[in-house]
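Data first, discussion second: the structure below is written as structure tokens.
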Amino acid sequence: MSGKPRLTYINGRGRMESIRWLLAAAGVEFEEVFLQTREQLLKLGQDGSLLFHQLPLVEIDGMKLVQCRAILSYIAGKYNLYGKDLKERALIDMYVEGISDLMQLILMFPFSPPEAKEKKIATIAEKATERYFPVFEKVLKQHGQDFLVGNRFSWADVQLMEAILAVEEKVPSVLSGFPQLQAFKTKMSNMPTIKKFLQPGSPRKPPPDENYVATVMKIFKLD
């Protein structure tokens, strides 16, 4: 196994999107394999490709990696996006975990029944503006630097940028009270690798639609 990392998942965001974001931010091209049937998933399990019979699967450097956290931390370390020492890594981990809690709400939103969607959006807005975004607004303001940790671009910055855009899709005015995060978003949007990822035709996936939800339900037997 050599060459570009190979990503196996559904053709949609889900738990793979943060991995796409991180690889793209690092300037790494990758290949994707999209599952369309439950049989394809079961075959991967039978072949021994899925350690815990779960996706995402990323094939990189001769390894078949599963579990999002393990995949993301490997990519961050490999491409120098994981701080310069243990203290910086701990901060990055802490920020990433916080953002992941917020992203979990976004991840589950498409699977909510229609009558619950309005309430879910209100919850996302509340959590973003009262619990999570104030933390990052304060961090950026206190140290007066461009990035969250060590004044160096890191995995935490990528994760935060992904979260900001994901929340804005649901709550367009969410950053109205956060000038530091507005500046952060502008700065990040203009970084060459991220700017490229935000262009039409990139591997970035659109917001989940009904087809994506139906495919996930079918492949993972969630109904």
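The values are calculated or read from the model by the stated rules, or taken from the named source; none is laboratory data. What you are looking at is a predicted structure, and each value in this text was computed from that prediction instead of being measured. Using ideal geometry, Cβ is built from the backbone for each residue, glycine included, and neighbour counts are taken over all protein chains shown. Side chains are part of the model used for accessible areas, which takes the heavy atoms of the whole protein and leaves out ligands, DNA and RNA. Shrake-Rupley method; radii C 1.70, N 1.55, O 1.52, S 1.80 Å.
From the residues Val171, Phe153, Met188, which one has its Cα farthest along the dipole of segment 131-223 in the positive direction, the dipole being from +1 and -1 charges on Cβ of Lys/Arg and Asp/Glu about the Cα centre?
In segment 131-223, that residue is Phe153.
Say R0 is 41 Å: what FRET efficiency, to the nearest 0.05, do Phe52 and Gln145 get from their beta-carbon distance? Don't skip to the answer; put the middle values down first.
On the way: r = 38 Å, r/R0 = 0.93.
That pair, Phe52 with Gln145, gives E of 0.60.
I want to check the label-to-label distance for Met217 and Leu42. Put each point 7 Å from Cα in the C-beta direction and report it in nm to one decimal.
2.0 nm
Using r as the Cβ-Cβ distance of Ala183 and Arg69, and R0 as 45 Å, what FRET efficiency do you calculate, to the nearest 0.05? Don't skip to the end; give the middle numbers.
Working: r = 29 Å, r/R0 = 0.65.
My answer for the efficiency is 0.95.
Counting Lys and Arg as +1 and Asp and Glu as -1, each charge on the Cβ, what is the dipole of segment 86-190 about the Cα centre in debye, to the nearest 20? Walk me through the numbers on the way to the answer.
Values: 13 positive and 14 negative charges, 34 e Å.
Charge dipole of segment 86-190: 160 debye, to the nearest 20.
Spin-label point model (7 Å from Cα, Cβ direction): what's the Asn80 to Ser176 distance in nm?
4.2 nm
May I ask you to list the lysines whose Cα is less than 25 Å away from that of Lys78, ignoring any residue fewer than eight positions away on the same chain?
Result set, ordered by chain and number: Lys4, Lys64, Lys87, Lys185, Lys187, Lys195, Lys196, Lys205.
If I stretch the segment between Glu130 and Ser100 completely, what's the gain in nm (0.36 nm per residue apart, minus their alpha carbon distance), one decimal?
Using 0.36 nm per residue and subtracting the Cα-Cα distance, I get 9.2 nm.
List the aspartates and glutamates whose alpha-carbon lies under 14 Å from that of Lys221, not counting same-chain residues fewer than 8 positions away?
Qualifying aspartates and glutamates at Cα under 14 Å: Glu39.
Leaving out ligands and nucleic acids, note down the accessible area per residue over the chain with a 1.4 angstrom probe, in whole Å². It would help to have the intermediate numbers written out before the result.
Values: 11770 Å² over 223 residues.
On a per-residue basis, 53 Å².
If you roll a 1.4 Å probe over segment 86-190 with all protein chains in place, what percent of the accessible area is carbon or sulfur? Working shown, then result.
Values: 2940 of 5300 Å².
Ligands and nucleic acids excluded, carbon and sulfur give 55 percent.
With viscosity set to 1.306 mPa s and temperature to 10 °C, compute the Stokes-Einstein D of the chain, Rh being the Kirkwood radius across alpha carbon pairs; µm²/s, no decimals. All intermediate terms of the calculation are to be shown ahead of the outcome.
On the way: Rh = 18.3 Å.
After rounding, the answer is 87 µm²/s.
Please report the net charge: other residues with Cβ closer than 13 Å to the Cβ of Arg15, K and R +1, D and E -1.
Numbers: positive: Arg13, Arg20, Arg69, Lys205; negative: Glu17, Glu162.
Residues close to Arg15 contribute a combined charge of +2.
Of Cys68, Thr8, Leu140, which is farthest on the positive side of the dipole of the chain, counting Cα position, with +1 on Lys and Arg Cβ, -1 on Asp and Glu Cβ, and the Cα centre as origin?
Leu140
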